[in-house]
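Notes follow once the structure below has been shown.
The values are calculated or read from the model by the stated rules, or taken from the named source; none is laboratory data. Fair warning: this is a prediction, and the values are worked out from it, not measured in the lab. When we count neighbours, we look across all protein chains shown, and the Cβ atoms used for this are built from the backbone with ideal geometry, even at glycine. Protein only, heavy atoms only, side chains kept; ligands, DNA and RNA dropped before computing areas. Shrake-Rupley method; radii C 1.70, N 1.55, O 1.52, S 1.80 Å.
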Amino acid sequence: MYFITGLPKIVSTIPLEEEDSFQFLCCNRERIFILILRKVSLSIWQLKPLVQLTAYRRSDMSVKNLGINVSALWKPDSSAIVVQTSDGGLIFFTIDTRAADTECYMLEDAKNSRRESDELFVKEAVPYISMVPTTSILVQGGITCLEALRDNVMVAATSGIIQRIQWDGSVDDSLTIVLDRVPFSVDFPQSKKSYLSNASSVHVVDLEYSFLLGGFSLVLSNGRGALMTANHFEFRPESVQCVWVPSEPCAFTCTAVNHKYRLMAFGCANAQGALYCIEDQTEGIQLTHRLQLLDKDCPDMMAACGPVEDLNWTPDGCAIAMIWKKGGFAIWSVFGALITFCLTLVHEGVSRSVSALDWGTEGYTMWVADPKVVFMYNFTKSALSVNNCSTNRMYVLLQGDNSVMLNTGDRVVAQPHGSSSASGREPQHKLFSNKAWMVVQLPHRYMATNWPLRYTVVDADAEYIAVAGRYGIAFYHIAVRKWKTFSNDTAEQLFVVTGGLLWWRDFVICGCSNTKTKTHEVRFYSKTRALDHSSAVVWKSEAPVITMNAFQNMLIIFSADSRLTLCEMDRKAGDVPTIVINVLQIISTENICPHPYCVVSVDLTPVRTETGQKKHTGIREAESLLINVSGRLWIIQRDSSDPYKDVPADESVVTTSNVIPLLLSSCVETIWVHPSTISSKEKPQLCEALWMFCGAHGMKVWMPLFTKDGTRRNAFLSRRVMLPVWLKSVPLCVQFDEAMIHGADSDLLYESGLDNKESDELPAFIVNRTSEVYLPQVLRQLLRRNLGTHAEEIAQTCTKLPYFNHSLELLLHQVLEEEGTSSAPIPDPLLPSVVDFVQAISKYLASLPVFLQTIAHCARKSDIALWPRLFAEAGEPTDLFQQCLNSGRLDIAASFLIVLNGTLGVGPVRKQAGALLEKARAAGDVELIAESARFLRALEMEEQETYRRTPEMTPSAKSPTIHPHPGPENMDLGNPISPQGALTFKYGSVVKQNSLADVGLSGGNKAALKKANSVPFNNPESVDGRSMSVVAAPDPTGLITTATGVQSVDRRNSESFNYLPDNSSILRYSPGTSVTSRNGWSRRRRFPGYAHAVEQV
């Protein structure tokens, strides 16, 4: 998992007016040097420190005979370079390295100045090297691609042949492969073979070799892909055969292979990527996943990106970079999870297109070549990509080339209710969120000679961090912010960490190789003592250590001989604490591990397939062994016959080779198991689950099916169930007790190419920590599988989480959106089951209105078009609103009032709002009273706008008088878009005028009142100068009051209820009075009995 950060660095540029351009770039095998290719010249740079070491410019005669430079390759030992030219030429260079004491650059002090800080001294050697051309040859028919091997170069030509050319320029014709003589089979090598029908026009356009796949990944000119293998290690022509890759709708353009995960990646002409693996049983090639942007990220991927130009894997094989022909690039995880992407690059007002890409040292930098500029992006990566141990999975831990970023995640903490906690009330659970990164810079004294950072590990309590660079290790105490290193460089350079780092209690464990004795060791250093070899505990290993892990007091070591060594660790107290190592068992994994390099992680876990039959004793024991081999997760189950279960320390070590592993899942990048040694009694299902991240396939959780007491309810059910969980970001930490998943992503600070003042700036990125609650998706998958009982049991264990109600809302909302917007009919809808599930949880939590709150909040978050589907299952909103009023849940009733406003008419909504207002007054909820008053005022304004635009035209004997449209005094009160000559409807004046004293208005308002009763009042502030005379309904009480700050209504007769939203005055009126508002508009209010009142008038 790689995350781009910061601004890209401009390494080299070419002026726009020059005809020269950057053609290609590539790093050597150790990724210490990088070769940058121009049209007629090439240069070598060192990555640390970033300086140019040498350059070479070809002669005009060489350019005329062979053409300009196209691409280049390093020899695996970095002793030679071959350059491909446009006219089919190959130019070989020898890299001449001078004596070690001769450096290319010397750092000298200026006059009257002296360097006193260690940071001003450059301890990295800058070697003096030169490129010497040795020979050049011309390949007939032109060259399409190259692939460097140890002794020769594979050269593919347009004539359909693949030649083997030695590094000295000699050609071995006996090893030349002709495509029309190579048999091709479909799917797997044992199938029927055939030959190319049009071999004369088909040739190889791209190829790459993988020693773990046992062959070359090919892309042919007809757009198809193939795997070329041979029975002989020299790939003699008579032993070569090819297996077709399953065809894609679009043609392949390029290929790249992943050695660790044994994958073949192909770029397609439709801007997508396809990845394939070799099936273990049949040796057939099958598709694992695709690389494509979602519609929300890029609606038209082909038009925006163009065909895939190149693919490049990171050095550790955990991520892949894809560049498109139109200039953008994207970073994906090994199994297809999108990490970041950038479609445009703009610098100095010019749109930049990515023509070449390669990764720097340990994948911390990515070099991108534009025809005129060479950029360098900085990356931070997850510590799990190189050191996949148990403690690193407890927190979000990222590492850069010289720094560490740590985030401890969010925690749910129980807080007592002050003094009331003594009365027996349960404590309140609150979520303490922590999204800030703790950035720790590595000490310059250590990194000056041991750059870059390779391994990082944090202890279980997040108190100490251990790191390992090129040599040695170092500790960091987080509380005191101090580093602990070896006393001198000689002590640091005694060993090199090769098998990762691991914390166990107060010891750090490192699998390393001794540079002095050339032996392989496992070293233990105490964090409480000085970092010194005299206090270290050393255990000898027969083979190099690849990876390690620990569970309780057991240590598991995987070595390069494909063997797993299980050890027991016993800490001995004393003045100098020490550890005693007892080997319990050695397990051979040759039957599932094609190569030791393919092992991603090993774990001792309490996970069992028979979990449902066990009682919860409270102690978690090592029940199984999990091995991730090239993304395939294998489990070796422990049973009563295991020889290492009860082996005394004084007996001989038992070696087992006939283990029977079971395949759990494929395409697995990382796994998580609850780290505690004690079983959780509150959340047994969640804490006993096994989590797997599978890239584009999302997360998978292998969850046990048992009740709280550990017994299974139904004998026919499986003991565990595999559930998919889809996330929005890359997960790095699973918090089992909090039901949350934390991760990270790269956010673009500003886009390139925008029309603003920063249009000439390159895109900048920042790494953010992300969080997602996985409980809704787990419950949804259980309900989909008719496991509602288990879903209820899991939900009941999570009711104390502060975001439990929000999880139920997400569950209901996701199902409603998916099923409500589906264009195809759903044969078995899940919405009824989800509604019943939420209702069952609400019954369990009798004191909390979970069901009503979930329905109300879900409705307000959903589109109004989905409400009929929701309330068809949940019940009528009016009934739900009445339940809220009866139960005293006025806040939830207020939410339902918004729903009622969208489903009912204005009259019923006003009636319900009035009932809510009375309940709020009785409860003394001032805030709700104010909100209800504001809602009623909004209803009245909405009704006024409706009548102002669309008048009632109900024909009857007592209908209003029809007036023509003679002049401005009778303006159109109907639809604003109606023609000016149309007839308009205007209600007549009041039949009986009452005295102003009865109305209760001041003398200053008399004129306004009279004018409102006769002709429209042309207020300059009103829209189009229009107004409307409205007859107010009789009120038996004759009183409408407004309380201080909020409006209150004393309604004695519901048939003549009215409401006046005016907080500044107390208004009395008599029957038949017409009321004019402040802005000159007369307001007609709809109320029960309104039509009868109009008829009476």
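Legend: calculated FRET efficiency, Asn434 to Ser535, from the Cβ-Cβ distance at R0 = 25 Å, rounded to 0.05, equals 0.10.
Calculate, for Ser823 and Ala846, the FRET efficiency according to 1/(1 + (r/R0)^6) with r their C-beta to C-beta distance and R0 35 Å; round to the nearest 0.05.
Details: r = 40 Å, r/R0 = 1.16.
According to the calculation, E is roughly 0.30.
Taking Lys and Arg as +1 and Asp and Glu as -1, the other residues whose beta-carbon sits under 14 Å from that of Val63 total +1.
Once the chain from Val906 to Asn591 is taken as fully extended at 0.36 nm per residue, the excess over their C-alpha distance is 106.0 nm. In this simple spin-label model, placing a label point 7 Å from the Cα along the Cα-to-Cβ direction at both Ala110 and Met61 gives a separation of 4.7 nm. Peptides 362-372, 695-705 ranked from most to least packed, by the mean per-residue count of other Cβ atoms within 10 Å: 362-372, 695-705. Rounded to the nearest 0.05, the FRET efficiency derived from the C-beta distance between Thr13 and Thr176 at R0 = 45 Å is 0.60. Annotation: amide H-H contacts under 5 Å for Glu309 (H modelled 1.01 Å from N, sequence separation of 5 or more, or interchain): Ile323, Trp324, Lys325. 3J(HN,Hα) along the range 833-839, derived from phi through the Karplus expression 6.51 cos²θ - 1.76 cosθ + 1.60 where θ = phi - 60°, amounts to 5, 5, 5, 5, 5, 5, 5 Hz, with x in place of Gly and Pro.
For the range 771-945, calculate the relative contact order in percent as a whole number, restricting contacts to Cα pairs under 8 Å that are 6 or more residues apart.
16
Shown here are the Rg and Dmax of the Cα trace of the range 771-945, at 17.3, 53 Å. The P(r) of the range 509-591 has a tail past 14 Å containing 65 percent of all C-alpha pairs.
If you stretched the chain out fully between Asp297 and Tyr195, how much longer would it get, using 0.36 nm times the residue separation minus the C-alpha to C-alpha distance? Can you show the working numbers first?
Details: separation 102, 0.36 × 102 = 36.72 nm, distance 4.22 nm.
The span from Asp297 to Tyr195 would gain 32.5 nm if fully extended.
Here the Debye sum runs over all C-alpha atoms of the range 250-298 as equal scatterers in vacuum, and log10 of I(q)/I(0) at q = 0.22, 0.23 Å⁻¹ comes out as -0.81, -0.86. The range 473-541 and the range 135-165 have Cα centres separated by 47 Å. Applying the Karplus relation 6.51 cos²θ - 1.76 cosθ + 1.60 with θ = phi - 60° to the range 55-68 yields 3J(HN,Hα) values of 8, 9, 10, 6, 7, 5, 5, 5, 5, 5, 7, 10, x, 7 Hz, where x marks Gly and Pro. How far apart, in nm, are the 7 Å Cα→Cβ label points at Thr799 and Thr878? Rounded to a tenth, the inter-label distance reads 3.3 nm. Can you flag which of Lys75/Lys372; Lys9/Lys123; Lys9/Lys325 are past 25 Å Cα-Cα? Checking Cα-Cα distances, Lys75/Lys372 exceed 25 Å.
The largest accessible area among Glu17, Glu463, Glu817 belongs to the first residue in Glu17, Glu463, Glu817, and the rest follow in falling order (1.4 Å probe, all chains).
From most to least packed by mean Cβ count within 10 Å, the peptides 507-514, 795-802 give 507-514, 795-802. Spin-label model, Thr515/Phe233: points 7 Å from Cα along the beta carbon direction are separated by 3.0 nm.
Largest first, how would Lys572, Lys482 line up by accessible area (1.4 Å probe)? Working shown, then result.
Values: Lys572 90, Lys482 135 Å².
In descending accessible area the options line up as Lys482, Lys572.
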